[in-house]
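Contents: one structure, followed by commentary.
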Amino acid sequence: MLLVSEPVLGDEEKAALAAVIESGWVTMGDRVREFEQAFARLHEAEDSVAVGSCTAALHLILHALGIGPGDEVLVPSLTFVATANSVLYVGARPVFVDIGSADVPLMSLDDAESKCTSRTKAIILVHFAGYLAHRDAWQSFARRKGLLLIEDAAHAPGLPEVGSYGEAAAFSFYGNKNMTTAEGGAIIARSRTLRETIRQARAHGMTSGARQRLTSRRPDYDVTILGFNYRMDELRAALGLVQLKKLPEWNDSRRRLSATYRELIAELCPSVMVPFEAPWPSTHHLLPIVLPPATSRQRIIDRLRKRGVQTTVHYPPVHRLTFYRDLYPELALPRTEDFARRELTLPLHPKMSTLDVDKVVDALAAALAADYPMGAVA
Ligand SMILES: *Cc1c(COP(=O)(O)O)cnc(C)c1O
């Protein structure tokens, strides 16, 4: 079965893990620090903070920015549920914004504008599928409205402009992302003060870490802010250091595979729309397509599966998930809902070859042809 995503793990990762075990120091040591610096360098940032997940990263960012009860945060509904959950963790209210269009399924500036109130404090942008949100437009919007800009960059590690939009960006190293530490995340924050608050809140709000207490002569610490245990460990950092080296090359493979997909789909499946125009800056995390309105998506999914091709949907809109529907029973986001009904995510990962892309597009063309029996196509 050709999977939608697959981590690339091998001998180098095994050796890196073994070296940590042999070293006897398993968490928050030199490797975590080295990983933070290497991750920052790749994004042309001064520094980064490694954490346990992107969800923890989003929570820490909102917490450190002082967002809380009474505040509203603009978020897309076309995202993973963690984006909105993180807003609820700090006691604020996520306000869901519709996408602009099926061609560019990113948060709509116009809808964001119409949803601003005196309580709106921040925006969380999601670089959906790895396609970057419009930096200048969002920066000027945030400036005009006096809002904090945060990136949920779970889909977009490895491009220097990511992490430079606003206050901070959250990254994910979950198993299906562009690089993985199994579970893990990182934060890029431009202000040193914000970064240090985040670093402290990551480890219980303590003023020094175990490593520092070992190397300095003072065994004491203080807790000056509310913190959490959102640390990254040395095993994950060791995996991250290996994966990070390969990330640019993997993102490049993803770009080439995406270009092949676009060409073949245009040729063999002209009724299918591929969002985002080709030169759009992207880390190509996903290959989303939009099926024609009358197509039964489930039949296409079943036919592709029979031919050995797994597909998924990104995303069931967050505001339509039971927990959120109960909180926002009246909310309608027509463009998000229409997109989510017709979207299908095709396999895309660096282990694939262009022959695999051929196979997927052939299977898709056959599945679509079977959905429209001869004569039914006007
Ligand atoms: C995967 C993902 C997250 C959550 O990442 P974790 O590291 O699993 O916490 C958040 N936002 C988006 C858009 C994601 O795709």
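The values are calculated or read from the model by the stated rules, or taken from the named source; none is laboratory data. Because the structure is a prediction, the values reported are computed rather than measured. Every residue, glycine as well, gets a Cβ built from its backbone with ideal geometry; the counts of neighbours run over all protein chains shown.
Evaluation of Leu368 against the conditions (1) under 24 Å from Cys269 (Cα atoms); (2) part of a loop (DSSP other than H, G, I, E, B) shows that the sole unmet condition is (2). In the condition set (1) in contact (Cβ under 8 Å) with a residue 12 or more places away in the chain; (2) more than 15 Å from the ligand (Cβ to nearest atom), Arg143 is compliant with all but (1). Annotation note: Cβ proximity below 7 Å between a residue of the range 239-259 that is touching a residue at least 40 places away in the same chain (Cβ under 8 Å) and a residue that is surrounded by 15 or more Cβ atoms within 10 Å (Cβ to Cβ) and aromatic (Phe, Trp, Tyr) (sequence gap 6+ or interchain) occurs for Gly240/Phe35; Gly240/Phe173; Leu241/Phe35; Leu244/Phe39. Close Cβ contacts (under 6 Å, 6 or more residues apart or on different chains) running from residues in the range 152-171 that are of a type in the set (Asp, Glu) and within 14 Å of the ligand (Cβ to nearest atom) to residues that are part of a strand (DSSP E or B) and modelled with pLDDT of 95 or more comprise Asp152/Ile124; Asp152/Val126; Asp152/Ala170. Filtering the range 103-131 to residues that are among the aliphatic types (A, V, I, L, M) and either within 18 Å of His319 (Cα to Cα) or without any contact (Cβ under 8 Å) to a residue 60 or more places away in the chain (or both) leaves Leu106, Met107, Leu109, Ala112, Ile123, Ile124, Leu125, Val126. Return yes or no: is Ser77 within 16 Å of the ligand (Cβ to nearest atom) and either over 25 Å from Leu159 (Cβ atoms) or polar (S, T, N, Q) (or both)? So Ser77 passes the test. Across the range 172-205, the number of residues qualifying as surrounded by fewer than 17 Cβ atoms within 10 Å (Cβ to Cβ) and within 13 Å of the ligand (Cβ to nearest atom) comes to 3.
One line per residue, one yes/no per condition, for (1) in a helix (DSSP H, G or I); (2) among the aliphatic types (A, V, I, L, M):
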residue: Glu263; (1), (2): yes, no
residue: Ala266; (1), (2): yes, yes
residue: Ser271; (1), (2): no, no
residue: Phe276; (1), (2): no, no
residue: Pro279; (1), (2): no, no
residue: Ala294; (1), (2): no, yes
residue: Arg305; (1), (2): yes, no
residue: Pro316; (1), (2): no, no
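Taking the range 236-261 as the range and being within 16 Å of the ligand (Cβ to nearest atom) and either more than 25 Å from Leu106 (Cβ to Cβ) or in a loop (DSSP other than H, G, I, E, B) (or both) as the test, the residues that pass are Arg236, Ala237, Leu239, Gly240, Gln243, Leu244.
Just the residues that are under 12 Å from Ala102 (Cα atoms), more than 15 Å from the ligand (Cβ to nearest atom) and in contact with a strand residue (DSSP E or B) (Cβ under 9 Å, 6 or more places away or on another chain), please, taken from the range 283-301.
Going through the range 283-301, the residues under 12 Å from Ala102 (Cα atoms) turn out to be 288-293.
Adding the requirement that they be more than 15 Å from the ligand (Cβ to nearest atom) leaves 289-293.
Hits for the range 283-301 are Ile289, Val290, Leu291, Pro292.
Looking at Ala57, Ala16, which one is more than 15 Å from the ligand (Cβ to nearest atom) and touching a residue at least 24 places away in the same chain (Cβ under 8 Å)? Explain how you work it out, then say what you get.
Working: Ala57 fails: more than 15 Å from the ligand (Cβ to nearest atom).
Exactly one of Ala57, Ala16 is more than 15 Å from the ligand (Cβ to nearest atom) and touching a residue at least 24 places away in the same chain (Cβ under 8 Å), namely Ala16.
Checked against (1) closer than 26 Å to Trp250 by Cβ; (2) at pLDDT 95 or above, Ile300 passes all but condition (1).
For the range 123-171, a tally of residues being closer than 22 Å to Phe276 by Cα, in a loop (DSSP other than H, G, I, E, B) and more than 9 Å from the chain's Cα centre (by Cα) returns 11.
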